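J.: Take a look at the following structure, please.
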Amino acid sequence: MRFVSLLLLRSFCWRLVNRYVLRSFNPAVVYYGAGTIGLAGGLTGVVSSAVRTARSEDGVTGMIVASIAVLLGLLALGTAIKLDAEANADLERPCPQRAMRNREWERDGRAPARTARDTHAE
C-alpha cells in the first residue's frame, strides 16, 4: 500500500512538472503548492495549539490562525483541482448512458429516476 501511494504521488508530481511547468505554465501548480503548504502548516498549528490548550496554556489564538490556514489551504487545493480539470477537459470521453440521461433531464426539466442498473453501469 505504501509503495503504491508513493508511486501515485511521484507520478502526479511528474505530471504537474512536465505538463504545467516545462511545456506551458498553468497556475494550478502554484495553487497545488500553496494548498499543500497551507494545509500541512495549518494542521500542524491545530495540533500544536490543541496540545498547548491541553497544558492550560494560551492556544486559542493559535488555533484560530491555524484553522484559517487550513481553510485557505483547502480553498487553494480546490481551485487547483478545478483548474487541472478544466485543462484536461478535452481528455474526457462522453458516456452514452450519461448523455441519454442529460437529454431526458433537459426535456423534462427534472432529473430522471435512478435505478439499480444505472448505479452499477457507472
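The values are calculated or read from the model by the stated rules, or taken from the named source; none is laboratory data. Just so you know, these numbers come straight off a predicted model, no measurement behind them. Here Cβ is always computed from backbone atoms with ideal geometry, including for glycine, and neighbour counts include all displayed protein chains.
J.: Scan region 50-86 for residues that are over 27 Å from Asn26 (Cβ atoms), without any contact (Cβ under 8 Å) to a residue 24 or more places away in the chain and assigned to a helix (DSSP H, G or I) and jot them down.
T.: Ala50, Val51, Arg52, Thr53, Ala54, Val60, Thr61, Gly62, Met63, Ile64, Val65
J.: Would you check which residues across region 12-49 are closer than 18 Å to Leu77 by Cβ and small (Gly, Ala, Ser) and list them?
T.: Ala28, Gly33, Ala34, Gly35, Gly38, Ala40, Gly41, Gly42, Gly45
J.: Which number in (1) loosely packed, with under 13 Cβ neighbours inside 10 Å; (2) modelled with pLDDT of 95 or more marks the one condition that Gly35 misses?
T.: Going through (1) loosely packed, with under 13 Cβ neighbours inside 10 Å; (2) modelled with pLDDT of 95 or more one by one, Gly35 breaks only (1).
J.: Answer with yes or no whether Asp84 is within 16 Å of the chain's Cα centre (by Cα) and either under 30 Å from Leu9 (Cα atoms) or modelled with pLDDT of 90 or more (or both). Step through it out loud before you land on a result.
T.: Numbers: within 16 Å of the chain's Cα centre (by Cα): yes; either under 30 Å from Leu9 (Cα atoms) or modelled with pLDDT of 90 or more (or both): yes.
Yes, satisfied.
J.: So which residues in region 62-94 are β-branched (Val, Ile, Thr) and farther than 15 Å from Gly41 by Cα?
T.: Within region 62-94, Thr79, Ile81 qualify.
J.: Here is a follow-up. Please tell me if Ala40 is among the aliphatic types (A, V, I, L, M) and at pLDDT 95 or above.
T.: yes
J.: Among the residues of region 1-31, how many are touching a Lys or Arg at 6+ places or on another chain (Cβ under 8 Å) and free of Cβ contacts under 8 Å to residues at least 40 places away in the same chain? Don't jump to the end; show me each part of the working.
T.: First, the residues of region 1-31 that are touching a Lys or Arg at 6+ places or on another chain (Cβ under 8 Å): 26.
Still in the list and also free of Cβ contacts under 8 Å to residues at least 40 places away in the same chain: none.
Result for region 1-31: 0.
J.: Still on this model: Taking the condition at pLDDT 90 or above, on the phi < 0 side of the Ramachandran plot, charged (D, E, K, R) and under 21 Å from the mean Cα position of the chain (by Cα), does Asp90 pass?
T.: no
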